[in-house]
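The values are calculated or read from the model by the stated rules, or taken from the named source; none is laboratory data. The structure presented is a predicted model; accordingly, all values stated were derived computationally and were not measured. Ideal geometry is used to build each Cβ from the backbone, glycine not excepted, and the neighbour counts take in all protein chains shown.
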């Protein structure tokens, strides 16, 4: 009896001890899930690159992604919106101050609180690359800067007219896929992003992500190389096509997403199959380190603040393995790379650069001295040499 | 040695050229005719398509519905026109002002060189009334023009009514990016010329006009309306303008696209398109449509009020409503919707229409032939002239070659004197100048001496000078002292052939139809003309294929094609009126067909006439 009672007391005390331990285990697993994505803030760079009234649909594309992103929580201070032309106040717009995405004017994506950061002729390849890499003049206002850090997840959305390997900006210049890949590499080296989702809706969009080589990039495009992305529906009262097919179905998908939704990237890859889009959307995940199935839509499209209250201290371990060391433990000595001097002071002040090692004198100097010596010996003759020396 | 510098090889080549010249020329001529006729064959043509991206497809919603209002306005306009005996200026100004337009008027006057018997006018005095609809939000840099003529009698009342109804409807819309000018011009082309000259601050035709008080920016496109009945069965599109200039094909494509969208029957040259291109009737129909366009383009006059805009690089077309004998009729509201759609699409333009072709032929509204396809037909004809010239050049150089071969005692025959060749050239051109200047200047003297009206005097003087030129060779020979040598006529023919080739080439570049028609009749006679042919027969052939007779044949063919064939005497009267219209067009609007024929083609033909009678 006593023994039995003692057993019960022991079990009870054991239970009492293990509950907090179990509880802290539970908290630790929750904490593990809490920081599974590794990012702490979200940014979005949304770019429409075409101007002219008949490219209304590109502005509507960008504004519909802007609307979704804002609805899911990313504030205007963390969105860089670049629109190459003003459709809402275009003289040809029969409904001024509106941009519609659905025909019969169901949805006005312009709204009344849109904040455009780069407008009209400010949308250029140079400005876009400067925004990405952060090389902006000191006078640039904060709203025009991408102030991301190494824990930022960035969504980049581009739309306009494009081709195999390029995207046309403003009818006069282009950005190539190599430039874009290099810009992302610069961002990686300057630790300007944690993970980056790149979406592009143009003709032959898949060619733009072919050249990416930096880690943690995931890319989606509306059509493969050799295919055109098609526009969706015209509105007869306005007289133009309102949206492109891919972004239209993307918008419909995103309207179902709410801040607590657990939809993941695999659902995003299924948006707009060929039966709806006519073109074949593509995606690229080989540079991304997590499994796309575990990446939530809100990791990129929303700015979700998770709060968990605990009374215990928790040891946090990084769930993401650090990237594999590039140079293998001292086998190959790689020369450290340096950036080219942006301001080559030495050339400006006409300083002679320090020579690292001795080079034999120039051929010209040699030849000149040889000539002088020859003339000398010609004039004075060798036999006179012993008089000189 | 090189192909041309080796004398043996050169001799072989030139022998080949001389031997095969005549057969090649005949083959080229036949090929040119066959190529031209083959242009109307549907598999050789391309389907028309919209080239301008900014205009896109026909996706606009047309909501114009004030057809009844347009008809009542037409009746009011008719009543006021009768009361005023011309343009009812005050009523029009009040009507346009009531619709919110900025209204201005322009008065003009012109004294024709001689009375126009077709339209019965001599001293023309009139007023243009136009109202500007300012774009609500856009700067006043660009404009579109819609115009309807104020014609005497019962014509074009509905056009003006529709114009006013459209103005009222357009004034309520806010999506205009360009100003729209609604113009009612008096005395059709003369009024239009006065307005255009006033708008662009030019004065090319000696018109007197009051300066325009209101202006709207550079005009991007213009549409001219001709509507004379309450219901119509089809709409006809008229493209040919002054000097054979055509508007950009995109304007025709726009019209055709909207006709298809609204289910309106549309025609070109008054002929409806057929679907059976593989039958003989289908091909003949397309060929007839194309021939009509060629004839209309060749005569160089503006076939609608739009034709004068083209000179200022403004793309313009005329739309005429036709009330035929068909069962299905359309009302004015449908035409209003069509115009609303077209103007809305033109509103979307960012630059002038320039993406599509400026030089084309239309066998039907949905098929076109571009310059790259029709130019070889003319090229083959020009090649004939060049081959003959080359043959003559080789021939002229041959005696020199024989001398080089070492026959020392053979004397080089003396080359023809410059005077021998220059005299016919100068005299021919002087006759041409006489043909150009004298008919108009000598009309008073002719009226004094002969019982004819001024118009008849002018035309008959022209015909007389033309016929008098035929007597020239005999008189020229009497002037020249020396003998006419073999060399002489060959050099003259060489010069004349090259001159004709350059002339026809330049003409064909600007007005392909004119160049081609002249080439078809002139090239056979000029290429084969020598003094050694039987004189009577070749003289008859030359006269029958001279420019004047070409015009006569064209008149008869035109009448056949529009299914209103005429007898010989009626044809002759038509021919005389065509000559007077040509002279008037040149004086009033700057058409270049009459000066070209009188100053260049006729002297060229005279030079060959001289060669025929060389002795």
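Tell me yes or no: at least one residue of region A:170-177 is within 14 Å of chain B (Cβ to nearest Cβ) and surrounded by 18 or more Cβ atoms within 10 Å (Cβ to Cβ). Scanning region A:170-177, I find at least one residue that is within 14 Å of chain B (Cβ to nearest Cβ) and surrounded by 18 or more Cβ atoms within 10 Å (Cβ to Cβ), so the answer is yes. Please determine whether any residue of region B:199-206 is over 22 Å from the mean Cα position of the chain (by Cα) and under 19 Å from residue B:159 (Cβ atoms). The answer is no; no qualifying residue exists.
Total residues in region B:283-311 satisfying the condition of being touching a helix residue (DSSP H, G or I) at 6+ places or on another chain (Cβ under 8 Å) and farther than 30 Å from residue B:588 by Cβ: the figure is 4. Helices (runs of 4 or more DSSP H) fully within region A:286-389 that include at least 2 residues being surrounded by 10 or more Cβ atoms within 10 Å (Cβ to Cβ) and at pLDDT 80 or above: A:298-301, A:363-380. Within region B:549-560, the set of residues being more than 17 Å from the chain's Cα centre (by Cα) and either in contact (Cβ under 8 Å) with a residue 24 or more places away in the chain or under 21 Å from residue B:525 (Cα atoms) (or both) comprises B:549 only. Taking residue B:397 as the residue in question, decide whether it is at pLDDT below 95, assigned by the TED database to the domain that holds residue B:515 and outside any helix (DSSP H, G or I). No.
Scanning region A:214-230 for residues that are buried (at least 21 other Cβ atoms within 10 Å of the Cβ) and either within 14 Å of another protein chain (Cβ to nearest Cβ) or not in a loop (DSSP other than H, G, I, E, B) (or both) turns up A:217, A:218, A:219, A:220, A:221. Could you tell me whether residue B:566 is outside any helix (DSSP H, G or I), touching a helix residue (DSSP H, G or I) at 6+ places or on another chain (Cβ under 6 Å) and assigned by the TED database to the domain that holds residue B:465? Considered against the rule, which asks whether it is outside any helix (DSSP H, G or I), touching a helix residue (DSSP H, G or I) at 6+ places or on another chain (Cβ under 6 Å) and assigned by the TED database to the domain that holds residue B:465, residue B:566 comes out as yes. Taken together, the residues in region A:249-276 that are in contact with a strand residue (DSSP E or B) (Cβ under 9 Å, 6 or more places away or on another chain) and either over 18 Å from residue A:230 (Cα atoms) or touching a residue at least 40 places away in the same chain (Cβ under 8 Å) (or both) amount to 8.
Going by what's in this entry, would residue A:240 be described as within 14 Å of chain B (Cβ to nearest Cβ) and either touching a helix residue (DSSP H, G or I) at 6+ places or on another chain (Cβ under 6 Å) or more than 24 Å from residue A:55 (Cα to Cα) (or both)? In short, yes. Kindly provide the set of residues from region A:108-141 that are more than 20 Å from residue A:183 (Cα to Cα), part of a loop (DSSP other than H, G, I, E, B) and in contact (Cβ under 8 Å) with a residue 40 or more places away in the chain, ordered by number. Of everything in region A:108-141, those that are more than 20 Å from residue A:183 (Cα to Cα), part of a loop (DSSP other than H, G, I, E, B) and in contact (Cβ under 8 Å) with a residue 40 or more places away in the chain turn out to be A:109, A:110, A:111, A:114. Inspect region A:201-209 for any residue being surrounded by fewer than 19 Cβ atoms within 10 Å (Cβ to Cβ), away from chain B (no Cβ under 14 Å) and assigned to a loop (DSSP other than H, G, I, E, B) and give the result as yes or no. There is no residue in region A:201-209 that is surrounded by fewer than 19 Cβ atoms within 10 Å (Cβ to Cβ), away from chain B (no Cβ under 14 Å) and assigned to a loop (DSSP other than H, G, I, E, B). Each residue in region A:39-98 was checked for being within 11 Å of chain B (Cβ to nearest Cβ) and outside any loop (DSSP other than H, G, I, E, B), and 4 of them qualify.
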